[in-house]
Amino acid sequence: KVTEYVGIGYDVSELVDKTEKLTERLYKDPLTRLPNRVKLLTDLSEIRSCLTLILLNVDGFKEINSFFGHQVGDAVLRDLGGELVNLCAEVPMAHVYKLPVDEYAILVKGVHGRDLIERQVRTLSETISRKAFSPGEEDISLNVTAGIASCSGVTGCDGGQRELLTRSDMAMKLAKKLRQ
């Protein structure tokens, strides 16, 4: 016969909420709300399939910030992030990430031919250059430079999938240099 009962309860909803907020701060860019570089590196280390990584750098972004101000520059980055997400919705298994300053990454999982990826990047670049971004009173035109690197699973990347970031960055820098 039970005459007394003692129970201890904890409300963990506050802890769960704080954990979710910390995880969001760790993996999301605060300006664009897109996954950030930390999330990209995490995803690269966890994926064991064929991958293509596309890095995009906004050409002359420093001048946009200098001429129009950081508030307009931030709005352009937000708008561009949204545009990239919309454009990549048509590409199966493509995910957009916001990297520091004026760079974005697009991670495409699965096997895609080189010609198809290059054609899609060219289309994406042309679409961005034709679009007028209007975060303030004036229209702002953007151009982007892309670097592309691919590997076919663990065996296709001698240094692992994280090496894709280095190789796509090198490709982007080479593209910028060749254009000058």
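The values are calculated or read from the model by the stated rules, or taken from the named source; none is laboratory data. What you see is a predicted model, and the numbers here were worked out from it, not measured in a lab. Note that we place each Cβ from the backbone using ideal geometry, even for glycine, and neighbour counts take in every protein chain shown. These accessible areas exclude ligands, DNA and RNA; they are computed on the full protein's heavy atoms, side chains included. Shrake-Rupley method; radii C 1.70, N 1.55, O 1.52, S 1.80 Å.
Provide a single number: the residues in segment 91-114 that are surrounded by 15 or more Cβ atoms within 10 Å (Cβ to Cβ), over 8 Å from the mean Cα position of the chain (by Cα) and among the small types (G, A, S).
Final tally of qualifying residues: 1.
State which residue is modelled with the lowest pLDDT when the search covers only segment 134-152 and only residues that are over 19 Å from the mean Cα position of the chain (by Cα) and surrounded by 15 or more Cβ atoms within 10 Å (Cβ to Cβ).
Among those that are over 19 Å from the mean Cα position of the chain (by Cα) and surrounded by 15 or more Cβ atoms within 10 Å (Cβ to Cβ), it is P135.
With respect to the numbered conditions (1) modelled with pLDDT under 90; (2) in contact with a strand residue (DSSP E or B) (Cβ under 8 Å, 6 or more places away or on another chain); (3) surrounded by fewer than 17 Cβ atoms within 10 Å (Cβ to Cβ), which one is the sole condition not fulfilled by T155?
(2)
Would you check if there is a residue in segment 72-89 being outside any helix (DSSP H, G or I) and open to solvent by 40 Å² or more (accessible area, probe 1.4 Å)? So that I can check it myself, show each step before the final result.
Residues of segment 72-89 outside any helix (DSSP H, G or I): 89.
Now drop any that are not open to solvent by 40 Å² or more (accessible area, probe 1.4 Å), which leaves 89.
Yes, segment 72-89 contains at least one residue that is outside any helix (DSSP H, G or I) and open to solvent by 40 Å² or more (accessible area, probe 1.4 Å).
Mind telling me which of the residues F61, F68 ends up being crowded, with 17+ Cβ neighbours inside 10 Å, touching an Asp or Glu at 6+ places or on another chain (Cβ under 6 Å) and farther than 30 Å from S152 by Cβ?
Checking each option against the conditions leaves just F61.
I'd like the residue in segment 115-133 that is among the polar types (S, T, N, Q) and over 20 Å from K62 (Cβ atoms) and, out of all such residues, is most open to solvent (accessible area, probe 1.4 Å).
T123
With (1) touching a residue at least 12 places away in the same chain (Cβ under 8 Å); (2) surrounded by 14 or more Cβ atoms within 10 Å (Cβ to Cβ); (3) touching a helix residue (DSSP H, G or I) at 6+ places or on another chain (Cβ under 7 Å); (4) not in a strand (DSSP E or B) as the list, and R48 as the residue in question, which single condition is left unmet?
Status for R48: all satisfied but (2).
I'm told L53 meets every condition in (1) part of a helix (DSSP H, G or I); (2) out of contact with any His (no Cβ under 9 Å at 6 or more places or on another chain); (3) open to solvent by less than 70 Å² (accessible area, probe 1.4 Å); (4) not polar (S, T, N, Q) except one. Can you identify the failing condition by its number?
L53 satisfies every listed condition except (1).
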